[in-house]
């Protein structure tokens, strides 16, 4: 973050960093971004039975401006790829990506001309969730892994921002 | 005399401080990564067609104006409803007159067809 | 008349109310839609090309992902097509369980449609009601073959395994209280003045247009066409069940809603009849060398093991020929046109997707309506993008 | 009407060089029609009172790669009034100079619009007289016809790139 330029490392910032990570983790807003069948399991996870609201994630805004987490749930076809990259670019930092389902992780059962063989060829993915479609418990486990990862981030030491080939 | 207005002043200062603090903090502390794609208007993941600064149909403004008029009316109702039990019949009749005046405005607008889109 | 510039807008692939990655470039004059041209293909996964490299029994999971809302009706149409190619008939018990799965997936699909359609028109509560019912049906699907959304329970010649013992009781419990649940939905929407204003007279598709544009299923029945493939060309034992086909003549979004709600009630009636009729018996046809032998026989009999091994390694070798078989999926006439050249892989599989064809009438229905009505019309067609783009 | 009666009615209505072949499999009869006469046959199928094929299920194509008349365009029709189905085919060939082409039947059944657009981009058959021959499912910048037998299922980076060219440089 910008603040440690003023502190120039005289003060150890773990506690502030813990606070920053904790606040980011506990109110991470997912982007309502459903591509294919995994989207239905994502919706089932948002709603009352599996209830993502307990992790502070009940606001699934469609606009990338209000989202921190992009769950790529479904098959990323080659025609849709420019749109996915555009939406990822238009999300504000800090942002994370979860590749949900076999199709997003590795192209899954569609090993052919029309499907991107894994979204990590174009996006920096934080958590991969196997399954076709993964059960809601699997998605929640993936989200908890992401929360653990966010807690360990050195967010105050200006971590490098991943560059992607812009779809501009 | 002065101290009866003190709470209002305190509320005003605190709210102003919080508003300004959020804006200042986010400009100083937040991290900037403006890429041309990020600053482009968001249009469902596609290239925006045409520019957003276009001449809009005038009907949008008519509906906008109507909304503001009746919204202000609503704002006046709030403080009145808050101390409704202290105001005897006078307060009630006073507000009734206010609402009736605006009702006449509503009927006029309805008959002129400003609420219909065509 | 002052000249007005029309505004072009992207109802893009990433939009909350396009039910997936559908894109339409909408030309607007103020709030009135002048022209909506759909752009498809954002979920094109090369299904038909991938099938040409798979063995016959490997295509079933692919087919189910083609329409993830009513997954079992997809595997049903594919299995019926291959069985017609082979000239094999599934045994009685398998046919009844297949009807059970098809009707459950019809309710499953109509529920999701009703929830999201009401959400598009502005009513938020039906969405949570219907997700509660869908969780119950997902529990039932789990009991069949383990999958929540796409159970993958049907095989060529019948089913993969028999019903779990708790399945029949849970299905009976579901059918008992499902009618009250549909009444709840009707209380929310049918007589709701706002819903009626928003949907009556919106998205008119006349009977002639519906036939000319190839609309089938609830889209056709809401325009007065009394055509249901379960009645006109019964398959998998549908002639033994008595249910009636809801037909409305309103031709608008409201009558499509009425048709789908009535279809949910009829599907429940069929489910009750399948529960009464459920006969005992084998769950897979026995045709050595063509259909997989039963699981327990593989461990005991030598020829079954050989047949199983040959089928898995070399795959099924059907006679040369071509077949077209269609069923009544939740969206309409779902057909599979299969050509076989005697090899282990389908030579060509053409998938007649009802959502793809119903979507053609969007342009004609949405001319001159409000932009908000365009969203209501789009959701009344009940599109599933995996089926539209294949 | 039964499949045989439909087939007889067609054979009597059209001469033998129009109805080239009649085949049957598992009770479903399908007739191969001359490519030039396809619109006439379709009009006859639709307007004849006994046949009344007012509903077109789909227009598809099959690539029989090594064989010489390479493509088969398949029309599956259904009659709502008479509740019977029928299938007709047209053989279309692709030579070096002329690419495969056939008349469009959008004038007969308006639903054929998208079916033909999809078949055109998947096989490279162009339909003459089609009102709106744009690409439907594939990305605009692709030139390949994926459903052809000589096109590998995995695609390659030239014909089916991940990103449009403008973005990659």
With the structure loaded, tell me whether residue A:88 is crowded, with 19+ Cβ neighbours inside 10 Å and under 20 Å from residue C:61 (Cα atoms) or whether it fails that test. no
Condition first: touching a helix residue (DSSP H, G or I) at 6+ places or on another chain (Cβ under 7 Å) and surrounded by 22 or more Cβ atoms within 10 Å (Cβ to Cβ). Can you find one or more residues in the range D:152-163 that meet it? no
The range B:27-50: number of residues that are out of contact with any helix residue (DSSP H, G or I) (no Cβ under 8 Å at 6 or more places or on another chain) and either facing chain C (nearest Cβ under 9 Å) or farther than 22 Å from residue A:88 by Cα (or both): 8
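Looking at the range A:96-111 only, could you name the residues that are in a loop (DSSP other than H, G, I, E, B) and buried (at least 21 other Cβ atoms within 10 Å of the Cβ)? Please lay out each step first, then the result.
First, pick out the residues of the range A:96-111 that are in a loop (DSSP other than H, G, I, E, B): A:101, A:107-111.
Within the range A:96-111, A:101, A:108, A:110 qualify.
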Quick check: anything in the range C:86-107 within 23 Å of residue A:102 (Cβ to Cβ) and crowded, with 23+ Cβ neighbours inside 10 Å? yes
Can you run down the residue pairs with Cβ atoms below 8 Å, 6 or more apart or on separate chains, where the first is in the range A:73-85 and facing chain B (nearest Cβ under 8 Å) and the partner is in a helix (DSSP H, G or I) and crowded, with 24+ Cβ neighbours inside 10 Å? A:84/A:119
Within the range C:39-49, of all residues that are in contact with a strand residue (DSSP E or B) (Cβ under 9 Å, 6 or more places away or on another chain) and at the interface with chain D (Cβ under 7 Å from one of its Cβ atoms), the one farthest from residue C:13 (Cα to Cα) is C:48
Across the range C:208-246, the tally of residues that are more than 10 Å from chain D (Cβ to nearest Cβ) and out of contact with any helix residue (DSSP H, G or I) (no Cβ under 8 Å at 6 or more places or on another chain) stands at 2
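Among the helices (runs of 4 or more DSSP H) contained in the range C:37-135, which hold 1 or more residues that are under 20 Å from residue A:49 (Cα atoms)?
Details: elements: C:47-51, C:59-64, C:71-86, C:92-121.
Output list reads C:92-121.
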The one condition in (1) part of a loop (DSSP other than H, G, I, E, B); (2) more than 18 Å from residue D:94 (Cα to Cα); (3) in contact (Cβ under 8 Å) with a residue 12 or more places away in the chain that residue D:35 fails to fulfil: (2)
Residues (within 14 Å of chain C (Cβ to nearest Cβ), under 19 Å from residue D:103 (Cβ atoms) and over 16 Å from the mean Cα position of the chain (by Cα)) located in the range D:25-53: D:46, D:47, D:53
Applying the selection to the range D:49-63, what residues are touching a residue at least 12 places away in the same chain (Cβ under 8 Å) and part of a loop (DSSP other than H, G, I, E, B)? D:50, D:51, D:52, D:53, D:54
Among residues of the range B:8-32 being at pLDDT below 90 and exposed (fewer than 10 other Cβ atoms within 10 Å of the Cβ), the residue nearest to residue A:162 (Cα to Cα) is B:32
In the range D:121-149, anything within 12 Å of chain C (Cβ to nearest Cβ) and touching a strand residue (DSSP E or B) at 6+ places or on another chain (Cβ under 7 Å) is listed as D:123, D:147, D:148, D:149
Apart from one, (1) in a loop (DSSP other than H, G, I, E, B); (2) away from chain A (no Cβ under 12 Å) all hold for residue D:118; the odd one out is (1)
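Can you confirm whether the range D:95-102 contains a residue that is more than 24 Å from residue D:69 (Cα to Cα) and without any contact (Cβ under 8 Å) to a residue 40 or more places away in the chain?
Taking the range D:95-102 and keeping what is more than 24 Å from residue D:69 (Cα to Cα), we get none.
Within the range D:95-102, not a single residue is more than 24 Å from residue D:69 (Cα to Cα) and without any contact (Cβ under 8 Å) to a residue 40 or more places away in the chain.
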Go through the residues of the range A:36-58 one by one and say whether even a single one is touching a helix residue (DSSP H, G or I) at 6+ places or on another chain (Cβ under 7 Å), touching a residue at least 12 places away in the same chain (Cβ under 8 Å) and within 14 Å of chain B (Cβ to nearest Cβ). no
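Taking the stated definitions as given, is residue A:141 within 17 Å of the chain's Cα centre (by Cα), farther than 30 Å from residue D:143 by Cβ and assigned to a helix (DSSP H, G or I)?
In short, yes.
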Tell me which residues, restricted to the range C:137-172, are assigned to a loop (DSSP other than H, G, I, E, B), surrounded by fewer than 22 Cβ atoms within 10 Å (Cβ to Cβ) and away from chain A (no Cβ under 14 Å). C:160, C:161, C:162, C:163, C:164, C:165, C:166
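Looking at D:56, D:51 in this structure, which one is buried (at least 18 other Cβ atoms within 10 Å of the Cβ), within 23 Å of residue C:215 (Cα to Cα) and modelled with pLDDT under 90? Show your work before the answer.
Values: D:56 fails: modelled with pLDDT under 90.
Criteria check complete, one pass: D:51.
Considering only the range C:248-261, how many residues are part of a loop (DSSP other than H, G, I, E, B) and buried (at least 18 other Cβ atoms within 10 Å of the Cβ)?
Within the range C:248-261, the subset part of a loop (DSSP other than H, G, I, E, B) is C:248-252.
After this cut, where a residue has to be buried (at least 18 other Cβ atoms within 10 Å of the Cβ) as well, the list is C:248, C:250-252.
Qualifying residue count, the range C:248-261: 4.
The values are calculated or read from the model by the stated rules, or taken from the named source; none is laboratory data. All figures in this text were calculated on a predicted structure; none of them were measured in a lab. Cβ atoms come from the backbone with ideal geometry, glycine included; neighbour counts cover every protein chain shown.
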